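K.L.:
Okay, handing you the structure first.
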Amino acid sequence: MENWLKIDDFCEATNLKRELVEKLIADKKLKSREENGVILVDATSSTNAIIKKEDVDVPVLSQETNAHIAFAEKTIGTILNLHEKVLEAKDDSIASLKDENKFLKDALYSMQELYDDDQKGAQFLREQLARSQEELETLKRKYRLMWGRAGDKVELSPLVKDESKKPDSQSQEEEDAK
């Protein structure tokens with residue numbers, strides 16, 4: 001595939017001077033032709049002429065250099081293997097920590113439920129104790145009314161006794177007078 005350009009257009013496209021392009025045409029480094037007095041240059045052939053090719057010599061590696069390269073490759077391979085093992089261990093650690101956290105969370109919820117149940121039970125027992133104390137106080141009043149002083153001599157449990165419910169000295173004197 002050939003793309004023919006006028007020499008002036010070619011110079012603009014490649015930023016080369018006309019004299020240099022004419023020299024490259026004379027040296028047969030660029031394909032050209034002449035039509036109706038106008039010089040045309042093949043744009044595709046200019047690639048090799050404009051861009052210099054340099055021969056790159058591949059250096060011959062000595063056995064010592066090959067040994068160093070082999071050592072570096074083995075070292076890199078070992079590092080990569082260790083890195084993979086570390087990543088696996090990290091993943092295992094994360095999984096075990098997640099399991100442990102889930103266990104602790106479940107245990108905490110269970111303990112909270114037990115605590116709530118104990119609180120409800122303690123509240124129920126407090127209410128029952130208050131009702132029992134009220135009943136006992138009512139019975140003590142009835143007994144005093146019916147039998148007089150005899151009810152004062154009955155010893156009650158220290159848990160049931162209430163200082164405000166002890167008879168005052170006036171009521172004792174009235175009862176003594178009877």
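Yes or no, residue by residue, for (1) modelled with pLDDT of 95 or more; (2) assigned to a helix (DSSP H, G or I); (3) under 16 Å from the mean Cα position of the chain (by Cα):
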| site | (1), (2), (3) |
| --- | --- |
| ILE76 | no, yes, no |
| LEU80 | no, yes, no |
| ASP99 | yes, yes, yes |
| ALA107 | yes, yes, no |
| SER110 | yes, yes, no |
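K.L.:
Only residues that are in contact with a helix residue (DSSP H, G or I) (Cβ under 9 Å, 6 or more places away or on another chain) and among the charged types (D, E, K, R): list them for segment 1-29, please.
P.N.:
If the condition is that a residue be in contact with a helix residue (DSSP H, G or I) (Cβ under 9 Å, 6 or more places away or on another chain) and among the charged types (D, E, K, R), then ASP8, LYS17, ARG18, GLU22, ASP27, LYS29 are the ones that fit.
K.L.:
Does ASN66 satisfy the criteria of being part of a helix (DSSP H, G or I), of a type in the set (S, T, N, Q) and at pLDDT 95 or above?
P.N.:
Numbers: part of a helix (DSSP H, G or I): yes; of a type in the set (S, T, N, Q): yes; at pLDDT 95 or above: no.
Here the answer is no, as ASN66 does not meet what is asked.
K.L.:
Mind telling me which of the residues ALA177, ALA150 ends up being surrounded by 10 or more Cβ atoms within 10 Å (Cβ to Cβ), at pLDDT below 55 and among the small types (Gly, Ala, Ser)? It would help to see each step written out before you state the result.
P.N.:
Details: ALA177 fails: surrounded by 10 or more Cβ atoms within 10 Å (Cβ to Cβ).
So the residue among ALA177, ALA150 that is surrounded by 10 or more Cβ atoms within 10 Å (Cβ to Cβ), at pLDDT below 55 and among the small types (Gly, Ala, Ser) is ALA150.
K.L.:
For residues in segment 1-53 being part of a helix (DSSP H, G or I) and under 60 Å from the mean Cα position of the chain (by Cα), which is modelled with the highest pLDDT? Please lay out each step first, then the result.
P.N.:
Let us first name the residues in segment 1-53 that are part of a helix (DSSP H, G or I), namely 7-14, 18-26, 46-50.
Imposing the further condition that a residue be under 60 Å from the mean Cα position of the chain (by Cα) reduces the set to 12-14, 46-50.
On the way: GLU12: 85, ALA13: 81, THR14: 82, SER46: 61, THR47: 62, ASN48: 59, ALA49: 59, ILE50: 60.
Top of the filtered list is GLU12.
K.L.:
Another question about this same structure. Starting from segment 30-49, keep only residues that are more than 16 Å from LEU16 (Cβ to Cβ) and loosely packed, with under 10 Cβ neighbours inside 10 Å, then list their pairs with residues that are among the small types (Gly, Ala, Ser) and modelled with pLDDT of 85 or more whose Cβ atoms are within a distance under 9 Å, requiring at least 6 positions of separation or different chains.
P.N.:
Listed by first residue and then by second, the contacts come to nothing, as the list is empty.
The values are calculated or read from the model by the stated rules, or taken from the named source; none is laboratory data. It should be emphasised that the depicted structure is a prediction, and the values quoted were computed from it without experimental measurement. Using ideal geometry, Cβ is built from the backbone for each residue, glycine included, and neighbour counts are taken over all protein chains shown.
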